[in-house]
1. Could you list log10 I(q)/I(0) for the stretch 72-159 at q = 0.19, 0.20, 0.26 Å⁻¹, which the Debye formula gives when each Cα is one point scatterer?
2. Calculate the spin-label point distance for residue 47 paired with residue 215, positioning each point 7 Å from the Cα along the beta-carbon direction, and give it in nanometres.
3. Determine, from the Cβ-Cβ distance of residue 193 and residue 350 and an R0 of 51 Å, the FRET efficiency 1/(1 + (r/R0)^6), rounded to the nearest 0.05.
4. Given a Förster radius of 41 Å and the C-beta distance between residue 7 and residue 270 as r, what FRET efficiency does 1/(1 + (r/R0)^6) yield to the nearest 0.05?
5. On a 0 to 90 degree scale, rounded to 10, what angle separates helix 82-98 from the longest Cα axis of the chain?
6. Calculated FRET efficiency, residue 283 and residue 202, Cβ-Cβ r, R0 35 Å, to nearest 0.05?
7. Mean projection of the alpha-carbon convex hull of the stretch 1-146 over all orientations, in nm²?
8. Find out how many positive minus negative residues lie around residue 125, taking Lys and Arg as positive, Asp and Glu as negative, among other residues whose Cβ is under 10 Å from that of residue 125.
Amino acid sequence: MAVVIDKSLCVGCGTCVGTCPNGALDLQDGAAVVNDNCINCGMCIDACPVSAISAPEEEIKASDEWSGIWVFCQQTDAQLLPVSYELVGKGRQLADSCGQKLTAVVFGYNVWGLDSLIKAGADTVLYAEDRALSLAFEIPYASLMCRLIKEKKPAVVLYGATPFGRTMAPMVAASLRTGLTADCTVLDIDPETGLLRQTRPAFGGNLMATIVCADTRPQMATVRPGVFTAPAPDETRQGSVEWVPWEKAADKGLKLLDFAAGKEGRKLSDFDVVVIAGRGIGQKKNLAVVKELAELLGGDFGVSRPLIDEGWAEYPHQVGQTGCSVAPRLLISLGVSGAIQHLAGISGAQTIIAVNTDPDAPIFGVADYAVVCDCMEFARAMIEELKAEKKTV
Ligand SMILES: Cc1cc2nc3c(=O)[nH]c(=O)nc-3n(C[C@H](O)[C@H](O)[C@H](O)COP(=O)(O)OP(=O)(O)OC[C@H]3O[C@@H](n4cnc5c(N)ncnc54)[C@H](O)[C@@H]3O)c2cc1C
Ligand code: SF4
Ligand code: SF4
């Protein structure tokens, strides 16, 4: 839905044209006109000196026309990100629980492995391909997503809460004047109303809030990488890939010229094994033991927040609500109490071994194996065993 220009107020100064990052404004016959590229970001509204531009009043009201679950699947360098599969897995569960279809939406160029999204659970892949889409750039992506949503009317759209998803999803929500719940940790369908229940930590993580978007469509949510587990591929699943046309917007306003990748290596959330240290490890020097154990297992180490506050480790290693989420195959938790803010970051782990001296520690509520003992004794014993095993191989 585009912004509205009141021609009786517009003095044709052209200020708004240069403000629009999406090439959606032009001057014609001495007045501003808006085209289909408008994603209703609102930037031109404040720029107009005579208040001639306003947001559209119309919202898309909920109705039975809106059906189907969509997952926006982000790619980088033509590779789909792991969070795309995690969300397709969750999307499949949602689609099954309300008897609807699951669609994976991909924009890019020469994107590899579209059929893997079908094997992960999608019924259809909507794919827009163009060299200009190879560099993920939020503005054209949001514009195309809005167009597709208006055409095909999905009831639900999910996005990975990557830096890109966190920028694109609000643009789409603002443009369509619908709701968006960020950083959900639980998603399900209310069996009575059919609405998407979007649950996320609220009030500093002290309670979990369940949010519904009852009146407008689509219902939209973002989910951080690692919150859900990617499903194992089902080689027998069948589905279709539907190519959608894309017309490049006029080259005006903001243009993405190039993309320079950062130098950082693998992130904690990329590892299959994660060993997490909590305050129970006692001293900073014990972190070296935790790191050694993680390395011997071919993984990486994470920490609870107090260890970051103490300066024992760098922030990218923090796991939890205000750190990163991890979904490894094996997670070993050493001396972590299991506060709700910490648990928000480990809910996707497949197998959790928790070690704590307190048999009533909340971490045991989510653990598959509970070990009540000194966590450093446990870590050192495991290191010895692993080293001995390596020697005998
Ligand atoms: C808004 C907000 C956001 C937050 N975000 C995060 C976040 O992202 N991540 C995060 O982790 N926390 C976060 N927190 C902090 C969180 O509430 C907890 O305070 C924190 O997770 C506790 O860390 P911990 O379990 O290491 O320490 P503690 O709670 O002090 O627990 C230490 C545990 O170690 C056990 N222990 C002690 N000695 C030993 C031993 N020798 N061997 C084995 N076990 C032992 C104890 O029994 C205890 O269970 C947040 C808090 C707020 C308010
Ligand atoms: S895209 Fe944003 S700046 Fe451009 S016309 Fe629409 S609301 Fe205005
Ligand atoms: S900034 Fe306002 S007055 Fe100037 S051209 Fe745009 S709409 Fe018209």
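Every number in this text was worked out from the coordinates using simple rules, so none of it is lab data. Just so we're clear, the structure is a prediction, and the values are computed from it rather than from any experiment. Every residue, glycine among them, receives a Cβ derived from its backbone with ideal geometry; neighbour counts consider all protein chains shown.
1. At q = 0.19, 0.20, 0.26 Å⁻¹ the computed log10 ratios are -0.83, -0.92, -1.43.
2. It works out to 3.1 nm between the two label points.
3. With a Förster radius of 51 Å, E is 0.95.
4. Approximately 0.15, to the nearest 0.05.
5. Once rounded, one gets 80 degrees.
6. Rounded to the nearest 0.05, the efficiency is 0.50.
7. Its average projected convex-hull area is 10.5 nm².
8. In short, -3.
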